There are 2 protein chains.
Amino acid sequence: MAASVSPYHLIYTDWNLIETEFDHAQLHHKETVFTIGNGYLGTRGSFEEGYPRAWSATLIHGVYDDVPVVYTELVNCPDWLLLSVSIDGESFRLDRGEILSYERKLDLKQGILSRKIRWRSPSGKTLDIYFERFASLADEHVLALRAQVTPLDFDGLVKVSASLHGYPENQGYNHWEWIDQGEKDRAIWLHMRTRSSRIELGMASKLLVSGTEADLQVTSVPGYPTIETTLRVSPGQTVTLDKIVTVFTTRKVEEPVRASQDKLTQLTSYSQLQSSHVQAWEEAWQQSDILIEGDTKAQFAVRYNLFQLLISAPRDDERVSIPAKTLSGFGYRGHVFWDTEIFILPFFIYTQPKLARNLLTYRYHTLNGARRKASHYGYKGAMFAWESADTGDEVTPRWALPNQPYAEDIRIWCRDREIHISADIPYAIWYYWQATNDDEWLRDYGAEIILDAGVFWISRIEWNPKQQRYEIREVIGADEYHEQHVNNNAFTNRMVQWHLEKAVAIYDWLCSQYPEKATELQAKLGITPKQRDRWQDMVANLWISYDSSTNLIEQYEGFFNLEDIDLTHYEPRNRSMQAILGIEGASKRQVLKQPDVLMLLYLMRQSEEFPYNREILQKNWDYYVPRTDITYGSSLGPAIHAIWHRI
Amino acid sequence: MAASVSPYHLIYTDWNLIETEFDHAQLHHKETVFTIGNGYLGTRGSFEEGYPRAWSATLIHGVYDDVPVVYTELVNCPDWLLLSVSIDGESFRLDRGEILSYERKLDLKQGILSRKIRWRSPSGKTLDIYFERFASLADEHVLALRAQVTPLDFDGLVKVSASLHGYPENQGYNHWEWIDQGEKDRAIWLHMRTRSSRIELGMASKLLVSGTEADLQVTSVPGYPTIETTLRVSPGQTVTLDKIVTVFTTRKVEEPVRASQDKLTQLTSYSQLQSSHVQAWEEAWQQSDILIEGDTKAQFAVRYNLFQLLISAPRDDERVSIPAKTLSGFGYRGHVFWDTEIFILPFFIYTQPKLARNLLTYRYHTLNGARRKASHYGYKGAMFAWESADTGDEVTPRWALPNQPYAEDIRIWCRDREIHISADIPYAIWYYWQATNDDEWLRDYGAEIILDAGVFWISRIEWNPKQQRYEIREVIGADEYHEQHVNNNAFTNRMVQWHLEKAVAIYDWLCSQYPEKATELQAKLGITPKQRDRWQDMVANLWISYDSSTNLIEQYEGFFNLEDIDLTHYEPRNRSMQAILGIEGASKRQVLKQPDVLMLLYLMRQSEEFPYNREILQKNWDYYVPRTDITYGSSLGPAIHAIWHRI
């Protein structure tokens, strides 16, 4: 088994990521890297015993709550991990005593995170301690962790406390109100409710001890139910503590505490839970694995990314989708962007179409939010949120508010202008349909999205009588360095044109295949044959700024008149070009945050549609790549450049 | 002893406020009403045993931390109150079982809050439970509470847990990072640090049990150190539990944990602590009591308000001041407004001048913040913050941000325009000096404030060449219903004119009495004899919109041209006129949120200066009172109307 070394004390094999040393400066970064999950929730790789300033988090799909400025965020749920170990009064903590050896391992194949430490306490007692944990892929409401403690050089008392931690926080903010907690047959439970969205959560837990006699006691500090036990141990003797946790919310059941208690009662053995979990992962990988031989780095990298997608995708919920930072942290507040449809979805379409369908059906359930957004802006139909959460209403913050008393507030324009999302979603639906032939889903869900977003475009597109063409003005394209007076962005215009072509096709398909549904949607969305003709007219006359003599596509009207830039002059750098030039400075120059024309070419490549061809690609690659801030611009950039780089 | 009844299940005597029934709908309101404090901290009247959705809070002067939108807020500190009692496994909680009798009493004379309950548990066991608490006025770092439990009809086990609760929150936000906690001689301690301002706090506690044998145990859930004991009790037997707590922060000591431990060691008896506390209150009342005979309602009301002021005023800290909602809750985020100097200060000037001096010295320490604010707006000198916190930088929020995705953000203009604060503070300083003859303080602190705020006015006041007069344009006066294009607000202009008169006087006084200090401040603030002349010129030519033919003062230029209003047409109502008419609607009408011209007359009454005289008062009273939203406008209104009402 080949192993490669990376910075950050990480090595990897085909299936495993191994951290060989603990560095507290990387605490939060590694918590993200070692996230586990099961499509229902994600749990960051924080330590069971806690660590000062840790950002421990368990995020459950769809559990949102109000928060200032960004409207709503995915809520950090009670922490199920906590298991503290103290020997003769000394607590095991990595910021105390001495770490004699350390290894943390994420096993992608089995979905198990483990950690093995040899630790010497401040007073000189040495022990081996081993942790492993998983969020069951076989039953999404089940979480389990195992701790094994082996004293090496002392007889003594080991005190273990296994808690449910009801004061979780989203970087300071605790969304939960405590309702109640208690004990039942030496199992603990906790009942909480989110502050504004009023989602109730029930969590229950028990502790199974093997390897010695154990007397369990429950302590009931409010919000922090804890099972405690004190064990007498001798050198070389290993005690095993299995903490099993169940969790439900009122998003799925009426009585989440009872559901978690009932479920917990059925779970009798850690190893049984683990084996069903491992088997579920085996099945998932059978469908989704990508094999790369002879290149461990590439093999591991691909699998690590597939793993991240698999643990984030809702398996049993069509009212949630994958947020921009998955369920691994607080970034982007759990809001869903175009990333999901355009970057993530293809993987699911081709390997787990049921999960792809869940993700797309989420957009169907947010249609009313998209309609409210359209209506707020004075448009018709469905104008999808640039950032979407539980309802589909727009939750992009309006402002970046600095905390310095005299700094200027910065208006964020994406909610108003980054409207290509309303063509991106139809794009994803179309290719889901092409790959699966899922006519029923298209009829019952997808068609309404494509058509009602098409209705939006009719009200949004402008006719320019002077130029005798349709135009889309005042947008933000894929490239977010330009957000003022961006008219006729080629990416947006072509995606919309493409969308309206498909809207016509689907309208015709419905009329011929499912006339009843066609009639229903005509009535519901107010679509008439005249509007179908309007779409066709728009398809024919929507302007795309393409110059056939040069094969160059102008990113938007006037882009080529902006001041040019040579990015090599700014190298070496460790900041984005926007940070270097300022928002105004970047917007006045031909510098891109992420691919825009090349992004369009990537999307049109799939069916080899206009403007995709090799020549246009080559010309525009040569023009735009040197002007794109691929290193510090956007994480959405490199993948698109990489795809063309192979060609 | 006469007793009167009020709504809210409250009765009062000369010295006591008594709640006769518990109504959970009034939970938060009563927590505020039953706040105690000692000038170092305030603790809301939340229950020792906890209650669902309680807003328990202990706010320590000067412990601020960053928060979005409003920049900084007074931080809710670890809760020292928690003491839970359970009998044979049933927790005493007012939302469980049956309340057979209930009385909560705030004794203003002694500064002690107590509560007496007869309670029957869900399983039918009856007990009497009595709590009392105080924040020592004799030693501001000492807090104490006593619980007495008497079973009436059962033998059994009473379990008591006394905790320090390290997850306090400012309506969701927890400003604290846990550093450490522990046990020392069966006393517990907690070490925390604020997230951004990096203020460390140490809190320590011990539990003294009398009336039975008790074995104390410490449990150490992270962030929640707890002393537990289980007591065997019989009917009629009373056990007494005294929880003593000490608290320090790095605002005053370097090692707050050690300081709190050391202090705790010195404290041996609850009754001793209580008697020094009661004696300190006796002294405070000797200086500050106001006696009203024959009117219990008025007597109690005055004493209750004096009590609120006395528990909020920093006794040993000149770098903090009294926030608009004192230390009793989260309203206005612990920010300090003109309320302190104009409404609160006179009481202290005349009864506790040392405390008045502390409050004014706070403004001296915020001068650099006021200078940064002036400089940010392009002015000179000291432009005081409309809302001020630890540094004196402006912390008024710029925006009211609704959480509804499509609602409009509302710009708050007070930070930019409500500039009369920079004359209000000099006003307060002047009358502190008049009452105390504290020349040294004026020389070392007060003069610099008055002069540098005077420098600010020179840069802020405009010369109107057409009218040949000085003007102050684009302000918000005392009345906050008018905030757009308010020019030459009479209140502001006259206060500024008054301030500049006094600036000249103090400049001259310094030059004659303390020429060295005068030279120092001339150099530091850039004040020249020419500028002194400028002040005199401004005093002479600053326009006040007073019409001597009618005796009416126009609130600001053009106010009398606004649409008139008859407020009786809107009665009965239960909302402010701004809520009824909208911000725009109120601003276009002659309706006042709070007294403005009458506020000016109140302030000028003190030395019977222009425009105060009986005739002007009568005329303006008749004009403005019917146009003022005195019921739902501002809590700053009624006191001013009431003063004139007597005349």
Task: Helix axis angle, B:529-541 relative to chain B longest principal axis, alpha carbon, degrees - done: 80 degrees
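Go through region A:49-149 and name the trypsin sites (Lys or Arg not before Pro) that are in a DSSP coil and have 16 or fewer other Cβ atoms within 10 Å of their Cβ. Mind showing how you got there, number by number?
Numbers: sites: A:53, A:93, A:96, A:104, A:105, A:109, A:115, A:116, A:118, A:120, A:125, A:133, A:146; in loops: A:53, A:93, A:96, A:109, A:125.
Answer by residue number: A:53, A:96, A:109.
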Open item on the list: Label position 7 Å from Cα toward Cβ: report the copy-to-copy distances for residue A:464 in nm, one decimal, ordered from shortest.
Closed with: 4.9
Task: Other-copy label distances relative to residue A:404, 7 angstrom Cα-Cβ extension, nm - done: 3.5
TODO: Enumerate the calculated ³J(HN,Hα) couplings along region B:420-428 in order (Karplus 6.51 cos²θ - 1.76 cosθ + 1.60, θ = phi - 60°), each rounded to whole Hz, writing x wherever the residue is Gly or Pro.
DONE: 4, 3, 6, 9, 5, 5, x, 4, 5
- [ ] Using label points projected 7 Å from each Cα along Cα→Cβ, tell me how many nm separate residue A:560 and residue A:635, to one decimal.
- [x] 3.6 nm
- [ ] Scan around residue A:140 for amide H atoms under 5 Å from its own, H built in the peptide plane at 1.01 Å from N, and keep only partners 5 or more places away or cross-chain.
- [x] none
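Under the rule of -39500 (n - 2.57) per DSSP H run of 4 or more residues, summed and divided by the residues of the protein assembly as shown, what mean residue ellipticity at 222 nm is obtained, to the nearest 500 deg cm²/dmol?
Numbers: 34 runs with 414 residues, N = 1294.
Helix contribution divided over all residues of the protein assembly as shown: -10000 deg cm²/dmol.
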Task: Amide H contacts under 5 Å for residue A:218, placed H, 5+ residues apart - done: A:228
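Can you work out D for region A:4-259 in µm² s⁻¹ from Stokes-Einstein, where Rh is the Kirkwood radius over C-alpha pairs, the temperature is 10 °C and the viscosity is 1.306 mPa s? It would help to have the intermediate numbers written out before the result.
Values: Rh = 18.9 Å.
Stokes-Einstein gives a translational diffusion coefficient of 84 µm²/s.
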Task: Calculated FRET value between residue A:212 and residue A:265, using beta carbons and R₀ = 22 Å, to 0.05 - done: 0.35
TODO: Kindly state, as a whole number, the per residue volume in cubic angstrom of the convex hull around the alpha carbon atoms of region B:445-517.
DONE: 102 Å³
Open item on the list: List residues of region A:430-465, by number, whose backbone nitrogen lies under 12 Å from a label position 7 Å along Cα→C-beta of residue A:607.
Closed with: A:430-435
TODO: With a cut-off of 14 Å, note down the residues of region A:606-647 whose backbone N falls inside the zone around a label point 7 Å from the Cα of residue A:295 toward its beta carbon.
DONE: A:642-647
Task: Value of Rg to Rh for region A:108-193 (Rh from inverse mean 1/r over Cα pairs, i.e. Kirkwood) - done: 1.05
TODO: Using θ = phi - 60° and the Karplus relation 6.51 cos²θ - 1.76 cosθ + 1.60, list the HN-Hα couplings for region B:136-146 in order, rounded to whole Hz, with x at every Gly or Pro.
DONE: 4, 7, 7, 8, 5, 8, 10, 10, 8, 9, 10
Open item on the list: Taking beta carbons within 10 Å but only from partner chains, what does the mean come to for residues B:395-405?
Closed with: 5
Task: Calculated SAXS-style log₁₀ I(q)/I(0) at q = 0.09, 0.10 Å⁻¹ - chain B, Debye, Cα scatterers - done: -0.81, -0.98
TODO: Step through the residues of region A:92-98 one at a time and calculate ³J(HN,Hα) from phi using the Karplus curve (6.51 cos²θ - 1.76 cosθ + 1.60, θ = phi - 60°), rounding each to whole Hz and writing x for Gly and Pro.
DONE: 5, 8, 6, 8, 10, x, 9
- [ ] Express the Stokes-Einstein translational diffusion coefficient of the protein assembly as shown in µm² s⁻¹, to the nearest whole number, given a Kirkwood radius over alpha-carbon pairs, 4 °C and a viscosity of 1.567 mPa s.
- [x] 37 µm²/s
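With only alpha-carbon atoms in the gyration tensor, what are the semi-axes of the equivalent ellipsoid for region A:66-115, in Å, largest first?
That gives 32, 20, 11 Å for the three semi-axes.
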- [ ] Determine the principal axes of the Cα atoms in region B:503-579, then give the extent along each, sorted from largest to smallest and rounded to whole angstroms.
- [x] 62, 34, 19
Task: Cα point-scatterer Debye curve for region A:167-211, base-10 log of I(q)/I(0) at q = 0.22, 0.23 Å⁻¹ - done: -0.78, -0.82
Open item on the list: Using a label point 7 Å beyond Cα on the Cα-Cβ vector, give me the inter-copy distances for residue A:350 in nanometres, one decimal, shortest first.
Closed with: 8.5
Task: Taking N as its residue count, the alpha carbon Rg of region B:545-647 over 2.2 N^0.38 Å - done: 1.07
Open item on the list: Using +1 at the C-beta of Lys and Arg and -1 at the C-beta of Asp and Glu, which of B:645, B:548, B:560 has the Cα lying farthest in the positive direction of the dipole of region B:545-647?
Closed with: B:645
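Across all directions of projection, what mean area in square nanometres is found for the Cα convex hull of region A:316-430? Walk me through the numbers on the way to the answer.
Numbers: hull surface 32.3 nm².
Quarter of the Cα hull surface area: 8.1 nm².
Read-outs: derived from the displayed coordinates by stated rules, not from any lab. No experiment lies behind these values; they were computed from the predicted model shown. Positions of Cβ are generated from backbone atoms using ideal geometry, with glycine treated the same way; all protein chains shown enter the neighbour counts.
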